[in-house]
Amino acid sequence: MLYTVKQVSELTNVTIKTLYYYHKIGLLLPYKTSEAGYRFYGVKELERLQQILFYRELDFPLKKIHELLDGERERLSILSDQRKLLLARMRRIKRLVQTIDESIHFTMKGDTMDKSEMFKGFESEKEWVEAMTDQNQYLKEKYDYDLLKENSIEVQSMNEQALEAKHFMDNIANALKEGVKFNDEKVQVLIKQHIDFLNSHGHNTRAEDFAIQARFFLNDDFHRNMLEAQQTGLSYYLCMAAETFALK
């Protein structure tokens, strides 16, 4: 059975525009194209699209997906590796969510959470390396920057910084959701507190530096998608708030 572009789009929740783009770059070619220019996809093409979507879920850049799928490996081997990557991510997220839930529980009770439990997100350098692999791979391919090579990993410090970053971004996202203006004093205080935290933990960060980083997050596909997945419009909101703070 063959499927039209519209049918594939409805079946997979992938936009027609995206399917056309995948065709344009040679990532997903249709089974055949009619004389009238209509594209048709078969089972093999749907299987390939499934593999593409699995890799996209893991934030692999399209160029890397192209290389992986056009290699000599069989579908079963690719799916097996994708399953391992997805399970590893699930375990990391589950552990972090559990730590956050425990933090919420203690906060609601008015108790102080034991420090050994507070930073239980990752317990070893290996876990942090695994957690940063996707991002590091992207940065190396696009910017020739090795995040893991350029930065040492101290587990407790990384956990503490990750918790602060999560708390900061949650507050910024909530402000956006509540309709608070990006230049509101509440938002500006959040940015000041976050920059103060970074400086107190060995990251020499000026307001201008933070604004540049926020602008990078807005312009870069990988990081913008991470922010937009949390809250639509968050990347732009954070950028505007950071640049406003830097002008003070």
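The values are calculated or read from the model by the stated rules, or taken from the named source; none is laboratory data. These figures come from a predicted structure and were not determined experimentally. Neighbour counts run over all protein chains shown; Cβ positions are idealised from the backbone, glycine included. Ligands, DNA and RNA are stripped out before the accessible areas are found, and what is left, the full protein with its side chains, is counted by its heavy atoms. Shrake-Rupley method; radii C 1.70, N 1.55, O 1.52, S 1.80 Å.
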If Y20 passes every condition in (1) open to solvent by 40 Å² or more (accessible area, probe 1.4 Å); (2) touching a residue at least 12 places away in the same chain (Cβ under 8 Å); (3) within 23 Å of Q82 (Cβ to Cβ) but one, which one does it miss?
(3)
Near pairs, Cβ below 7 angstrom, 6+ apart or cross-chain, from segment 209-226 (crowded, with 19+ Cβ neighbours inside 10 Å) to any residue that is among the acidic types (D, E) and assigned to a helix (DSSP H, G or I)
A211/E243
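Against the condition aliphatic (A, V, I, L, M) and either in a helix (DSSP H, G or I) or open to solvent by less than 50 Å² (accessible area, probe 1.4 Å) (or both), how does L29 come out, does it pass?
Working: aliphatic (A, V, I, L, M): yes; either in a helix (DSSP H, G or I) or open to solvent by less than 50 Å² (accessible area, probe 1.4 Å) (or both): no.
Here the answer is no, as L29 does not meet what is asked.
Across segment 1-15, what is the number of residues that are open to solvent by 100 Å² or more (accessible area, probe 1.4 Å) and under 10 Å from R39 (Cα atoms)? Give the derivation first.
First, the residues of segment 1-15 that are open to solvent by 100 Å² or more (accessible area, probe 1.4 Å): 1, 6, 10-11, 13.
Keeping just the survivors that are under 10 Å from R39 (Cα atoms) gives 6.
Qualifying residue count, segment 1-15: 1.
Residues in segment 32-41 that are open to solvent by less than 90 Å² (accessible area, probe 1.4 Å) and more than 31 Å from the chain's Cα centre (by Cα): how many? Give the steps one after another, and end with the answer.
Of all residues in segment 32-41, those open to solvent by less than 90 Å² (accessible area, probe 1.4 Å) come to 33-34, 36-37, 39-41.
Adding the requirement that they be more than 31 Å from the chain's Cα centre (by Cα) leaves 33-34, 36-37, 39-40.
Total satisfying the criteria: 6.
From the set of residues in segment 50-60 that are in contact (Cβ under 8 Å) with a residue 40 or more places away in the chain and out of contact with any helix residue (DSSP H, G or I) (no Cβ under 6 Å at 6 or more places or on another chain), which is nearest to T12 (Cα to Cα)? Please lay out each step first, then the result.
Just the residues of segment 50-60 that are in contact (Cβ under 8 Å) with a residue 40 or more places away in the chain, to begin with: 53, 58-60.
Filter once more, so that each one left must be out of contact with any helix residue (DSSP H, G or I) (no Cβ under 6 Å at 6 or more places or on another chain): 53, 60.
Working: L53: 9, F60: 19 Å.
The extreme case among them is L53.
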Checked pairs for segment 67-93, first over 15 Å from E47 (Cα atoms), second modelled with pLDDT under 70 and open to solvent by 50 Å² or more (accessible area, probe 1.4 Å), C-beta under 8 Å and 6 or more apart or across chains, list as A88/E130; R92/E130
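Of all residues being modelled with pLDDT of 90 or more and open to solvent by 30 Å² or more (accessible area, probe 1.4 Å) in segment 197-208, which is farthest from K248 (Cα to Cα)? Just the residue, please.
Per the stated criteria, the residue is R206.
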